[in-house]
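This report refers to the structure that appears directly beneath it.
The values are calculated or read from the model by the stated rules, or taken from the named source; none is laboratory data. A quick note: this is a predicted structure, and the numbers were derived from the prediction, not measured. Cβ: placed from backbone, ideal geometry, glycine included. Neighbour counts: every protein chain shown. For the accessible areas, the whole protein counts, side chains as well, though only heavy atoms, and no ligand, DNA or RNA atoms are used. Shrake-Rupley method; radii C 1.70, N 1.55, O 1.52, S 1.80 Å.
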Amino acid sequence: MRVPNHIAIILDGNGRWAKSKGMPRNYGHVKGCENLEYICEVAKELGVKYLTVYAFSTENWKRSREEVEGLMNLFRNYLKKCIKISKKNNMRVRVIGDPSAFDEDIQNRIRELEEFSKDFDELHFQIALNYGSRDEITRAVNRMLEDQRQGVLTGPVTESMISDYLDTAGIPDPDLMIRTSGELRLSNYLLWQLAYTEFYFTDVPWPDFKKDELVKAIEKYNERDRRYGGVKEA
Ligand code: IPE
Ligand code: IPE
Ligand code: MG
């Protein structure tokens, strides 16, 4: 099986999964977070080099106060726990998105985790937090304008210069994008980076997305006629 170098996932369906079990939405997020830990291990085992997951969008602030608070507490715990996980999995962790909207302690945990894991290199794990592709591109353009004012950047602007100003600078574009739980849209995820990526959609909700489902997605990917790099033999 050829394993994609970079898999991007929109982990969707935690709320509906919990509701189907008569449980509150935040219970779905707790189980979704456990599944994220598990899928990181599976991805590493399979030989995936880059894994990028959408955990909280710039639009997700509009959810109920209770749900947003629950998610923030989950991120607090997970970011701390992830220090150990990063070591265990030899996994470098980076956060993409705009962390400035989070409470100071969450921002500190993000910095600690990124710093602690920066030399691990078996799996590169990106978590999109307060991420929106349009916001990412807008921030990139503003930084470019600032660098131009400072004389650090001179035109003409090229595609690779734009890539270098995005939060994903230095990270290869995804080869496979998976969205769980049935929705067929991108919800403002990696619009620039997914230009040539293969898409895989499944009805399985995120907390039920296990190794067999990931392997199925990779097998489907293998059946496609890839004209644009990024695969390796495993
Ligand atoms: C994805 O699950 C996790 C986050 C967006 C934080 P959802 O919370 O979107 O679950 P559904 O789509 O409402 O079922
Ligand atoms: C996308 O899922 C964002 C994340 C998975 C974090 P949503 O559930 O928030 O997206 P929409 O609202 O259905 O488009
Ligand atoms: Mg959703």
Quick check: anything in segment 176-183 surrounded by fewer than 18 Cβ atoms within 10 Å (Cβ to Cβ) and within 16 Å of ligand 1 (Cβ to nearest atom)?
-> yes
Would you say LYS84 is more than 10 Å from ligand 1 (Cβ to nearest atom) and of a type in the set (D, E, K, R)?
-> yes
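When the residues of segment 172-181 are filtered to those that are within 16 Å of ligand 3 (Cβ to nearest atom) and part of a loop (DSSP other than H, G, I, E, B), which remaining residue is nearest to MET161 (Cα to Cα)? Spell out how you get there, then give the answer.
Filtering segment 172-181 for residues within 16 Å of ligand 3 (Cβ to nearest atom) gives 177-181.
Those still in the list that are part of a loop (DSSP other than H, G, I, E, B) too: 180-181.
Values: THR180: 32, SER181: 35 Å.
So, considering only residues that are within 16 Å of ligand 3 (Cβ to nearest atom) and part of a loop (DSSP other than H, G, I, E, B), the one nearest to MET161 (Cα to Cα) is THR180.
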Right, ASN26: touching a helix residue (DSSP H, G or I) at 6+ places or on another chain (Cβ under 7 Å), more than 27 Å from VAL215 (Cβ to Cβ), of a type in the set (S, T, N, Q) and assigned to a helix (DSSP H, G or I) or not?
-> yes
Matching residues in segment 1-41 - criterion: being among the small types (Gly, Ala, Ser) and more than 15 Å from ligand 3 (Cβ to nearest atom) = ALA8, GLY22
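Does SER163 satisfy the criteria of being under 27 Å from ARG76 (Cβ atoms) and surrounded by 15 or more Cβ atoms within 10 Å (Cβ to Cβ)?
Working: under 27 Å from ARG76 (Cβ atoms): no; surrounded by 15 or more Cβ atoms within 10 Å (Cβ to Cβ): yes.
Answer is no for this residue.
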Might you let me know whether segment 33-40 holds any residue that is over 14 Å from the mean Cα position of the chain (by Cα), closer than 26 Å to PHE120 by Cβ and more than 14 Å from ligand 1 (Cβ to nearest atom)?
-> yes
Quick one: which residue in ARG92, ARG16, ARG2 is of a type in the set (Lys, Arg), crowded, with 19+ Cβ neighbours inside 10 Å and under 30 Å from ARG224 (Cβ atoms)?
-> ARG92
Mind listing whichever residues of segment 19-31 are open to solvent by 30 Å² or more (accessible area, probe 1.4 Å) and either hydrophobic (A, V, I, L, M, F, W, C) or within 15 Å of ligand 2 (Cβ to nearest atom) (or both)?
-> LYS19, MET23, ARG25, ASN26, VAL30, LYS31
Matching residues, segment 182-228, being without any contact (Cβ under 8 Å) to a residue 40 or more places away in the chain, within 16 Å of ligand 3 (Cβ to nearest atom) and over 23 Å from LYS44 (Cβ atoms) | LEU184, ARG185, PHE201, ASP203
